[in-house]
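The structure under discussion appears below in the form of structure tokens.
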Amino acid sequence: MAGCRGDQNKNQNPNKVTVMIYSEYFDPSMLTDFQMKTGYKLHLELYEAQEEMISKIQTSGNSQYDVIIASDVVIPQLIRLGFIGKIDTNQVFNRRNIAEQFLNPPYDTTNEYSVPYLWGTTGILYRDTTLSPSKVSYNTLLDEKRNKGSFSLLDESRSMLSMALMAKGYDANSTDPEQIKAAAEFIKGITKSKNFLGFDGSVSGKNKVLSRLNWAAVVFNGEAMAAMTEDPTLQFAIPIEGSFMWVDAMLLSSKAPNPEGAYAFMNYILDTKTGAKLAKYINYATPNKSSLNIIDSVFKKNNVVNPTRGDISRLVFLKDVGEAVEFYDQAWEYIKRR
């Protein structure tokens, strides 16, 4: 039945592959390159934050998308909701290029649902050449007596609540309702600060720091690197208390109209040269071991893109918290309530 459905969907729109993806997360030159190499036209449906992505799928259905690129922390939820289906790994022949540490990940232990796209970290982008990144804590940003101007937080519920948990000395993956409540109160207090300018996507936060509208913003390291390339006076820090290490993965929509095109996209991204080109353009680390063999040493030694061992020791993966997700949802609703 699955095979019949796949053939039927393919015939509905066999020449286009639709990918739901974070904004500014793809090299535009690869649109043409992908079509030349596969024969498929590539259409990108953009989103800024995980909640927006899930809302789009819930509103319009997932039959519009072939591939969904999402962060590791939401993958178990997408599986439970039935939005993504199992991947026929035999059709993703370039899986052989995936580095060993990205196989059997905690969010997909059987490698049935995901193929890694890029990986990175979350931290603070700020404008202050006198402040060493090694001395930045969450309180540097959040304490009115210590911050030096306006700032924004990332518009992602789990990331920000886990950030608050870490800032208070708790486990970033806590399932304790009282600790999650305390984290919510912590962020609620921040939103009342005269310097707090709201919740933004990583791209928007980066742009506000670049334009000097914000002094600082919580962003992904790739956006930080892009900003620092444009303005070398900016700095990026993994806070002293720690932060998150995440993997964005390619997922097969359970109602993909063109599953064969979806597999073509996955193989294209996992190609050695494509993987290297993507990583360098987007400024994120690649999970592709063959791409690492051809990426220049300057890029590999860039500590914003590729964290130091010291930084990695303070990074954690955000895990599926099971039924405790209800506490996180309630906490975020409380925070966003004006």
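The values are calculated or read from the model by the stated rules, or taken from the named source; none is laboratory data. Keep in mind that what you see is a predicted model, and the values were worked out from it rather than measured. Don't worry about glycine lacking a Cβ; one is built from the backbone with ideal geometry, like all the others, and counts go over all protein chains shown. Keep in mind that these areas ignore ligands, DNA and RNA; they rest on the heavy atoms of the full protein, side chains included. Shrake-Rupley method; radii C 1.70, N 1.55, O 1.52, S 1.80 Å.
Spin-label pair R337-N15: with each label point 7 Å from Cα along the Cα-Cβ axis, the two points sit 5.2 nm from one another.
Projecting label points 7 angstrom from Cα along Cα→Cβ for Q91 and T109 puts them 2.7 nm apart.
Rolling a 1.4 Å probe over the heavy atoms of the protein chains gives region 75-201 an accessible area of 43 Å² per residue. Across the chain, C-alpha contacts under 8 Å between residues 6 or more apart give a mean separation that, scaled by the residue count, equals a relative contact order of 29 percent. The share of Cα pairs per 10 Å bin across region 45-138, counted from zero up to the longest distance, runs 12, 38, 28, 15, 7, 0 percent. In plain terms, the chain from E323 to T229 could stretch by 29.7 nm, reckoned as 0.36 nm per residue minus the Cα-Cα distance.
Beta bridges assigned by DSSP with both partners in the chain are antiparallel in approximately 60 percent of cases. One chain, two ends: E185 and S132. Fully extended at 0.36 nm per residue, the span grows by 16.2 nm beyond their Cα-Cα distance. A Cα-only calculation for region 106-177 places Rg and Dmax at 15.9, 49 Å. Among the lysines of region 222-334, pairs at least eight places apart or on separate chains and with Cα atoms under 25 Å apart come to 12. Please report the base-10 log of the normalised intensity I(q)/I(0) for the chain, using a Debye sum with one equal scatterer per alpha carbon and no solvent, at each q in 0.07 (1/Å). So the normalised log intensities are -0.29. Across the alpha-carbon atoms of region 133-244, the computed radius of gyration and Dmax are 13.6, 43 angstrom. For K16, the residues whose modelled amide H falls within less than 5 Å of its own, excluding neighbours fewer than 5 places apart on the same chain, are K41. For a modelled paramagnetic label at S313, 7 Å from Cα along Cα-to-Cβ, the residues of region 209-242 in reach, with backbone nitrogen under 19 Å, are 237-242. Here is how the number arises for the chain: DSSP H runs of 4 or more residues each give -39500 (n - 2.57), the sum is divided by the residue count, and the result at 222 nm is -11000 deg cm²/dmol. For region 134-195, trypsin sites (Lys or Arg not before Pro) are listed when DSSP marks them as loop and at most 12 other Cβ atoms sit within 10 Å of their Cβ; the list is K145, R146, K192, K194. Between A285 and W119, the built amide H atoms are under 5 Å apart, and every one of these is 5 or more places off in sequence or on another chain. Tell me the label-point distance for the pair N303, H43, using the 7 Å Cα-to-Cβ offset, in nm and rounded to one decimal. About 4.5 nm, to one decimal.
Within the accessible area of region 267-322, the carbon and sulfur atoms contribute 53%, probe 1.4 Å, all protein chains present.
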